[in-house]
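Heads up, the thing below is written out as structure tokens.
Computed from the coordinates by the stated procedures, all read-outs in this text should not be read as laboratory data. Computed from a prediction, not measured in an experiment: that's the story for all the values here. Heads up, the Cβs are rebuilt from the backbone with ideal geometry, glycines too, and the neighbour counts pull from every protein chain shown.
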Amino acid sequence: MKSYQKTVNAAFIASFIFCASQCSLPSKNWEKKNNMLIEKYGFEKKAVENNVDAGISSNLEAGSVVNLKSFEDQILYQGVKAKILWGAGAMVTILELEPHAKIPDELVPSEKFTFLLEGDVEYRINGISHPMQALEREAPTGIDGGTPRIEFVYLEKDSKQAVKAGASGAKLIEVYSPQRADYIEQTGIKVNDETPKHFTSEATPNINSNQVYDLYSMQLTKIGSGAFTRLISGKNILLSFIYLDPETEFENHIHPEEQIRIALRGSVNEILLDEQYLMKENDLVRIPGNFVHGVSAGDLGFDGLDIYWPSRAEYIKREKEQKSTFETYIPKDAELELVIDGKSTTPELFFTEGPKWMNGNLYFSNMYFDEDFNADPTRSSIVEMNSEGNYRNITEGKMQANGLYPYKNGNLIVCDMMGHRIVELTTSGQVVRVLADKFDGKPIDGPNDIVTDAKGGFYFTDPQFTMEEEKFQPGRAVYYVSADGAISRLTEPNEFAMPNGILLSPDGKTLYINNTYDKETWYPVQSEKDNYIWAYDVNEDGSIQNGRQFAKLLLVGDVLDRKGKSSGADGMAIDIEGNLYVATYYGVQIFNSSGEFVGMINLPTFPISLSFGDDDMKTLYIVSFSNVYKIKTNKTGYINYLN
């Protein structure tokens, strides 16, 4: 399976799209056909233990793809309307609250999840107020690039709640188990038993009740090739916010749990009893337990919400395993800490880049851009920051530097991007010498990121991200400068659409290069590098060979929607074990030394670059526009320090 990301947002309710195939399985004899297919594929039916059926029929026909628009709005309270749907053991309500509308104090009759899709609310739980907000992903500019936020809360049965919408109103999705009898009767269906009962062996929730979480703080669990999900478990239900890469497939299978799938973004061909039905945004389907089904994602990938009743044990096990692996990298109690807010301190920070730790300090570039990425070297600087977060400019107004790396004699090697050169710089800000400024008799364009090897040579990327309309070199490329100053081009011009971050493995045998933009109509270069980190074997003379895909970076929804391959990959860091940490639009994506996905560090704005630091080299410093963050790790970072 493949891809997950722009989850629940404004589009979730705003645009209703009818199922393209007007699909509905025959209500008669589907169980007969299902049994035939179970026998055909050799599947084994399994039963849910301790299941008690309260006898309430679902308002979702089994295996029938429908659209949210087909459900009538129910007025729950003044200014509060809802679409209400339910299966055998779970209920979904999609609420729209007008500005300042209220849901009065009530006891929650069953376990419940509430996700804020749009706007903001004051959510009172057992008398305590919890402000909640939803944020959409912002397209990155030269001054900002906010990441999305979807806050949610889990309540146990008999919790007391009240909700008040903010000035712009709010949209929420609630999931209950068992169903609310009063909401069912709101739709005109009489419930004989006032309290529906659907008991199973209770699972242990993987979150705390009465606590506000951000959906994007939940780790992604890999459940197949190109398929990841954020899993949130209650006692009786499991919520799976699933991300599928384009063209990802799950073959026909069955599981004993009932599944309600809601399409959030992109599309899938849902395979139901060997028939294909197209699902797009706001389509949904109920898949009963032991129902033969499969899925194939479309060319935009797919994001969806799957609600399993009861909790799906195999997914809970995978989530625990993935979380355990992630916590060998980032400690369970580690929290992202804001070290510098460069808009409230001086000197002001703009677009921070290229951090590296050396001699007890973090050095990084402070690049000035306007919103449209127009540069100004006279407003740019290079910054020295100590471990307490105190910082100063070591040079300002002289160059618009990008990547930095420790060099000889305690100096820095610096990519003077707008100056078309690479220089050696003292930590007092003096340029010692120019190390590279030409290739093939012409100026290099915009050196971006850089790394040294053990011999005193260095590699750098040049994505030609400069202000001149006409470039000096024939295309974007990666270069090597030997210890004696000889420069060679390692990749063909425009072999990468935008080569950016570059790293060497601790043993110096593997060079890693990432690709920021690709397959974009607005970008002048297309390549076959796509959203991958590429690995190359390093030869004795510094040249490279055997280029190969090392790790596939996850893409955000707006990129997938336009069929792009832009990961936003920028700076990278590596630890002594060879694990990679990559700054992307999605967050800091972590991969082990074999290129397997480990997990993600989420930030309020998308990360630009990062470096290990502190005396033990176990703190990851992450720069993001005007801010500097840090987080503790369980790994020891690697930086090549030359004598």
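Quick one: angle between helix 30-41 and the longest Cα principal axis of the chain, in degrees between 0 and 90, rounded to 10, please.
So the inclination is approximately 50 degrees.
Based on other C-beta atoms within 10 Å, arrange Thr325, Thr345, Thr204 from fewest to most.
Thr204, Thr345, Thr325
In debye to the nearest 20, how big a dipole does the chain give about its Cα centre with +1 on each Lys and Arg Cβ and -1 on each Asp and Glu Cβ? Kindly include the intermediate steps, with their values, before the conclusion.
Numbers: 62 positive and 91 negative charges, 150 e Å.
With Lys and Arg at +1 and Asp and Glu at -1, about 720 debye.
Would you kindly calculate the mean projected area, averaged across all directions, of the convex hull enclosing the Cα atoms of the stretch 2-327, in square nanometres?
Average of the hull's projected areas for the stretch 2-327 equals 17.1 nm².
For the charge dipole of the chain, defined by +1 on Lys and Arg C-beta atoms and -1 on Asp and Glu C-beta atoms about the Cα centroid, which residue among Pro178, Leu76, Val628 has the Cα displaced farthest towards the positive pole?
Value: Pro178.
List the equivalent ellipsoid semi-axes of the stretch 393-489 in whole Å, largest first, each obtained as the square root of 5λ for an eigenvalue λ of the Cα gyration tensor.
On the way: eigenvalues 82, 57, 20 Å².
For the stretch 393-489, the semi-axes come out at 20, 17, 10 Å.
Determine the dipole magnitude for the stretch 2-327: charges of +1 sit on the beta-carbon of Lys and Arg, -1 on that of Asp and Glu, nothing else is charged, the reference point is the Cα centre, and the result goes in debye to the nearest 20.
On the way: 35 positive and 47 negative charges, 40 e Å.
Result for the stretch 2-327 is approximately 200 debye, rounded to the nearest 20.
With unit charges on the beta carbon (Lys/Arg positive, Asp/Glu negative), name the residue among Ile502, Ile576, Val339 whose Cα is farthest towards the positive pole of the charge dipole of the stretch 337-632.
Ile576
Can you pull out the trypsin sites (Lys or Arg not before Pro) in the stretch 404-464 whose DSSP state is coil and whose Cβ has at most 16 other Cβ atoms within 10 Å? Don't skip to the end; give the middle numbers.
On the way: sites: Lys408, Arg421, Arg433, Lys438, Lys455; in loops: Lys455.
When the trypsin sites (Lys or Arg not before Pro) of the stretch 404-464 are filtered for loop state and at most 16 Cβ neighbours within 10 Å, Lys455 remain.
Take the alpha carbon atoms of the stretch 380-415, find their center, do the same for the stretch 588-643, and report the distance between the two centers in whole angstrom.
Taking the Cα centre of each part, the stretch 380-415 and the stretch 588-643 sit 18 Å apart.
So which lysines pass the test for Lys317, namely a Cα distance under 20 Å, with those fewer than 8 places away in the same chain ruled out?
Lys46, Lys222, Lys235, Lys332
As a check on your grasp of the helix formula, calculate [θ] at 222 nm for the chain: sum -39500 (n - 2.57) over DSSP H runs of n ≥ 4, divide by the residue count, round to the nearest 500. Don't skip to the end; give the middle numbers.
Working: 5 runs with 42 residues, N = 643.
Helix contribution divided over all residues of the chain: -2000 deg cm²/dmol.
Straight-line reach from Lys164: which lysines have a Cα under 19 Å away, not including same-chain ones fewer than 8 places off?
The reachable lysines, counting only those whose Cα sits under 19 Å from Lys164, are Lys81, Lys83, Lys102, Lys112.
Taking Cα pairs under 8 Å and at least six residues apart, what relative contact order does the stretch 2-327 come out at, in percent?
Computed value for the stretch 2-327: 23 percent relative contact order.
Return a whole-number percent for the relative contact order of the stretch 366-421, with Cα pairs under 8 Å and 6 or more residues apart as the contact set. Kindly include the intermediate steps, with their values, before the conclusion.
Values: 98 pairs, mean separation 15.4, N = 56.
RCO, the stretch 366-421: 27 percent.
State, as an integer percentage, the relative contact order of the stretch 337-632 based on alpha-carbon contacts under 8 Å between residues 6 or more apart.
Values: 828 pairs, mean separation 42.4, N = 296.
Dividing the mean separation by the residue count of the stretch 337-632 yields 14 percent.
Show me the trypsin sites (Lys or Arg not before Pro) within the stretch 493-549 that DSSP assigns to loop and that have at most 15 other Cβ atoms within 10 Å of their Cβ. Intermediate results must be reported in sequence, preceding the final value.
Values: sites: Lys509, Lys519, Lys529, Arg548; in loops: Lys509, Lys519, Lys529.
Within the stretch 493-549, the qualifying trypsin sites (Lys or Arg not before Pro) (loop, at most 15 other Cβ atoms within 10 Å) are Lys509.
Out of the stretch 281-344, which trypsin sites (Lys or Arg not before Pro) are coil in DSSP terms and have no more than 10 other C-beta atoms within 10 Å?
Numbers: sites: Arg286, Arg312, Lys317, Arg318, Lys320, Lys323, Lys332, Lys343; in loops: Arg312, Lys332, Lys343.
When the trypsin sites (Lys or Arg not before Pro) of the stretch 281-344 are filtered for loop state and at most 10 Cβ neighbours within 10 Å, Lys332 remain.
Among the lysines, select those whose C-alpha is under 28 Å from the C-alpha of Lys343, and discard any that sit fewer than 8 residues away in the same chain.
Correct list for Lys343: Lys356, Lys398, Lys618, Lys630, Lys632.
So if I place +1 on the C-beta of Lys and Arg and -1 on the C-beta of Asp and Glu, and nothing else carries charge, what would the dipole magnitude of the stretch 337-632 be about its Cα centre? I want it in debye, nearest 20.
160 debye
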